[in-house]
1. Do we have any residue at all in the range A:95-113 that's loosely packed, with under 15 Cβ neighbours inside 10 Å, touching a Pro at 6+ places or on another chain (Cβ under 8 Å), in a helix (DSSP H, G or I) and more than 14 Å from chain B (Cβ to nearest Cβ)?
2. Of everything in the range B:87-120, what is farther than 23 Å from B:VAL215 by Cβ, crowded, with 22+ Cβ neighbours inside 10 Å and at the interface with chain C (Cβ under 10 Å from one of its Cβ atoms)? Give them in sequence order.
3. Take A:TYR190 and decide whether it is over 20 Å from A:ILE53 (Cβ atoms) and among the aromatic types (Phe, Trp, Tyr).
4. Please work out which one of (1) part of a helix (DSSP H, G or I); (2) touching a residue at least 12 places away in the same chain (Cβ under 8 Å) is the condition A:TYR119 fails and give its number.
5. Mind checking which residues of the range B:4-25 are buried (at least 16 other Cβ atoms within 10 Å of the Cβ) and either charged (D, E, K, R) or modelled with pLDDT under 70 (or both)?
6. What number goes with the only condition from (1) touching a residue at least 24 places away in the same chain (Cβ under 8 Å); (2) more than 14 Å from chain B (Cβ to nearest Cβ); (3) among the acidic types (Asp, Glu) that C:GLU249 does not pass?
7. If I filter the range C:151-162 for residues that are among the aliphatic types (A, V, I, L, M), more than 30 Å from C:ALA74 (Cα to Cα) and touching a strand residue (DSSP E or B) at 6+ places or on another chain (Cβ under 8 Å), do I get at least one hit?
8. What are the pairs, 6+ residues apart or on separate chains, where a residue within the range C:308-327 that is more than 7 Å from every other protein chain (Cβ to nearest Cβ) has its Cβ under 8 Å from a residue that is crowded, with 21+ Cβ neighbours inside 10 Å and among the polar types (S, T, N, Q)?
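The values are calculated or read from the model by the stated rules, or taken from the named source; none is laboratory data. Computed from a predicted structure; not experimentally measured. Here the Cβ positions follow ideal geometry from the backbone for every residue, glycine too, while neighbour counts run over all protein chains shown.
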Amino acid sequence: MAPPNAHIVKSFDDDLRALRSIIGEMGGLARSGLDRSIQSLLSFDMELAERVIADDRRIDDLEMEVEAFAISIIARRAPMAQDLREVIAALKIGALIERIGDYGKNISKRVASISDSKYRGAGSGVERMGQMVSEQVDDAMRAFLDRDPYLARAVNDQDEAIDDFYESLFQTLLGEIAEDSELTAPATHYIFIIKNLERIGDHATNIAEMVHYSATGEYLEARAKGGDATGLTLPL
Amino acid sequence: MPDATVVHDEVVMADGAKMTARDVDVFYGEKQAVDKVSIDVDSHYVTAFIGPSGCGKSTFLRCFNRMNDTIDIARVGGRIELDGKDIYDPKMDVVQLRARVGMVFQKPNPFPKSIYENIAYGPRIHGLASAKADMDEIVERSLTRAGLWNEVKDRLDESGTAMSGGQQQRLCIARAIAVDPEVILMDEPCSALDPIATARIEELIDDLRGNYAIVIVTHNMQQAARVSQRTAFFHLGNLVEYGGTEAIFTNPRADRTRDYITGRFG
Amino acid sequence: MSQSGTRKLDWQSKEMQARVRRRYVRERRFRRVGLGAVIIAASFLAFLLFTITSNGIGGFRRAELALDLNYDPAILGIQASDSSEEAAATAVSRADFRPLLASAAQAQLGDSSLVSEGAWLAVRDQVVEDPSLIGTTQRVWVVGAPNMDILAKGQVDFDLAPDRRGVSTATVAAYRTLREEGRIRLAFNSGFLTQADSTNSELAGIWGALIGSILTMAITLGISFPLGVMTAVYLEEYAPKNKLTDIIEVSINNLAAVPSIIFGLLGLAVFLNTFGMQRSAPVVGGLTLALMTLPVIVISSRVALKSVPPSIRDAALGIGASRLQVILHHLIPVALPGILTGTIIGLSRALGETAPLLLIGMRAFVSDVPEGVTEPATVLPVQIFLWSDEVGRGFVEKTSAAIMVLLTVLLSMNAVAIYLRNKFERRW
C-alpha cells in the first residue's frame, strides 16, 4: 500500500505522527519488559524482576496518554477512512500493549516464588517460548510502524506455532505435577507463566489484526484463538 | 484505477430504482461539467453526492428535475429515467416533472409571501386543492411533516422571509412536500445554516426518508455520513465512487475518494 | 514574521504618528469638500425656489375693484317676457354685459379702463348661475386692469420719473382714491387655477394646460407602460441571446439617450404627416412622449427584473411553475417597485418636456380647457414657455406661478412613486 500523502492541514499529520510514536514507545517498553522478565526468571534475578514491575507503570501512563490523545484527535479532527481506522487502531493497540506489559509484570512477580523452589525443569521451554513471543510482539510493532499488512498477516499466521508450543509445555508440566506432587506449586507458577506468554502472543496477533484493518480497511479472516485448548481452568 | 467508477458490492444497480441515470454528460458551452455518469437512486434511501467545488455534483443533481433547462448554454446528454420513463423525452411535461421531483436549494428561498401562501402556491398551480378546507389541510400536513407546524401555526399570515434561516429552509422543504413529490433533490440545504438549524434539517431528512427518494448534495462530509445511506463521490465531472455510506467513510476503494474524505486532496 | 519575534515596525514612531495625523486631516478635508458640494447644490436649489416663489406668488392673487352693478334688463337687452327658465338662461348668456360694466365703471370709478377688459365674463357667469339677480343692484368685486394689479402689489417703483414708471400719474391717482374708498382689494386669483390661457395676463389661467398635461400623460402612460414592461419581460425572459437581441438592446439604450427634439420630429413626420392626425392634440403629444419614455421604462424594467434574486425564480421553477406563472406570480410583483420608479421617472421627464411638443403644434394659443384627447390643447411646460415670451408685464409672475404649479405636479408624482414603492416593498 502506497504511503499516504500529506493532509492539507499539516498539524493533523503531526498529531497522527505523535500518536504513532507514543504507541511505538509503548511497544518498545513492553517488549523490553517481556524480555527482562524472562531473563529475571531464568537467572532468578530479583532486582531485575523488581525493575520490570516498576517500569510497567510507565506503560500504564503512556496508555492513558494514548487514550486521551486519540479522543482529542477524534473530537478535533473528525478523522475519516484510514485516518479514522488508524486512530481507532491506535486506541485499541494501546490497550493491548498495556495488557502485554501487565503479563510481563505478572511473570516477574512470580520470580520470587519460583526461586524458593528447587524445580528448574521448565526453564529452557519457557526461554524458547519467551523468544517466540517476543519476536511476535516485535513483528506486530514493526507491522504497525510500517503500516505493513503483509507482516501483520505473517504475525497472525505464526500464532498457531506459539499455541502448539504452549500446548506441549502445558502437557509436560501437568505430567511433572502428576509424577511429583511436591512440584505442584512451582509447576503451577510455570503453567501461569506460559499461559501469560500465550496470552501475550494472542495480543500480538490482535495488534497485527488491528494493523491489517487500519492499513487495508479489511479484517483478517476469523481464527480460533489458542487460549485454553485444554479446557481446564485452574484456580490461582 | 483512479478514473474508473468504483461501485461497492452492496450497491447493486437494482431494477426497482426510482431514478436511473445512464452515461449522463452535461456541457456548459464548450466545457464539460459532467462526464458519463451513471447512477441509481433508490426510494428507500437518502443518497448523498459529495465532492470538491466544481466537481459537477450540483450540475448533475439539477439534471434530475431538468433545472438545467433554464440555463441557455447547458446541454445534457445521456439518459435519465423516472420510473422507467425518460425525463428528457420531448413528451415529458417539465412542469409536472418538477412537481414530481421537488427541489430544495442552497439558500433558503421562500417566496416573499405569507407562510400559508408559500405552501399553498404549489398545490394551487397544480390544482391539487379546490376548496379552502382542502388547502388548509395540505398546508397543515406539509408544515407538520416539516416539523414547523407548532412553530408557525399562529402566524401563518406572516411573511415567510421574516423567519429564521433554519425555519425558512424547513418552510422550503414543506413547500416541496406540499405537491406530494416522489423525489426530493436538496442542493446543499444546510450550507447557510448554523449547526443547530442544520441538525434540525438533518433530523427532518431522516424523518422523510422512506416516503421520498431523497438526493442531497453537500460539501459537508460529516453531514453526508450522518444523513445518507448511499454516497457518491464526484471529482472533475466524474463519478469516482458510489457505495454504501458506511463503506465510503470507513474504507473507500478509490484513491481519490480516500484522499478527499481524509482531507488530503492535493 | 509575526511569530519569529523580529518585528521591526514601531507603530508609535514619529513618522507613523505623522502619517496617522495626515490621514485624519485628509479624511476631514474630503468630508468637508463633500459637505461643501451639498451646500452649494442646496443653495442653488434654494435660490431657484426662492426666486420662482417670490416672483410667482403674486400670480395667485389679483386686484379686484368694487362696483355697484345695476342688473338692468334694459341695458342687458333682456325682455321680461322670457319667462321660461330655459329661454331666460339663453337670453342671459347672449346678453352683452360689457356696456353694463363700462358704464358702471365710468360712473363710479371715473375711468372704465380701470376694469379688466374681460371682467364682464365673470359677471355674466354669476348671472347665468343666479338669474334672479336681474333687476337688482349688487356690489360686485370685479377683476381690475393690469395697471391696478401692479399698483396693488406695490410693483411700481415711485423713485423713477413718472414717464418711466409705465403707469400714468392719472392711473396712480385713481388707484389712490380707490384705495382710500376701500374699493380695491387683493384677492385669491381663482381664475388662474380654473381657466385656460388668455391674452389678458390678469385673466390667463393654467387649468387648460394642466388638463392638457394630464391628458397627454395619460396617453403616454397608457401606451409606454404596457409596451415597455412587455418588451422588458420578453427581452429578459424569452429572447434568445443572439445578434438580433444584442442589436435591439443596444438600440434601446441608444434611444434613451436621443435628444427629445428628435422624437418631436419623428412625431411630426409619423403622426401628423403620415397618419394625418390632429395637430396640437394630446393624443399626438402623448404618442410622441410615449416614444421618448419607452426606452426609459424598458431599461428600468429590465434592471428591476434582473435584480429579482434568482433564488425566487429557482424556487418557483423548482415547485413546477410554468414560465408564465413565474413571471406573473413572482418576477413582476417583486420587480414592480423598480418598474414603477422607472416609469415615474420617465413620466416626470415627459411631463417637463417642451421641445418635441413644439414641433407637433402644441404651442398654439388655446383659450379653452380641452375636453378630450383629440381637442387642441397645450401642456404646462409649453404654457410656461409661451408666457415667458409674452410682453405683458403681468405675464412675468404668471410664468413663475405656472412653474410653481408644474413643480407641484412633479413633486406629487414623485410622492406617488415613493408611496407606491414603499407600499409594494413593505408588503412583506
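1. Yes - at least one qualifying residue is present in the range A:95-113.
2. Across the range B:87-120, the qualifying residue is only B:PHE111.
3. In short, no.
4. Against the list (1) part of a helix (DSSP H, G or I); (2) touching a residue at least 12 places away in the same chain (Cβ under 8 Å), A:TYR119 comes up short only on (1).
5. Step one: list which residues in the range B:4-25 are buried (at least 16 other Cβ atoms within 10 Å of the Cβ), which gives B:5-8, B:11, B:17-21, B:24-25.
Within the range B:4-25, B:THR5, B:HIS8, B:VAL11, B:LYS18, B:ASP25 meet the criteria.
6. Failing condition for C:GLU249: (1).
7. Yes.
8. Once the first residue is more than 7 Å from every other protein chain (Cβ to nearest Cβ) and sits in the range C:308-327, its partners that are crowded, with 21+ Cβ neighbours inside 10 Å and among the polar types (S, T, N, Q) give C:PRO309/B:ASN109.
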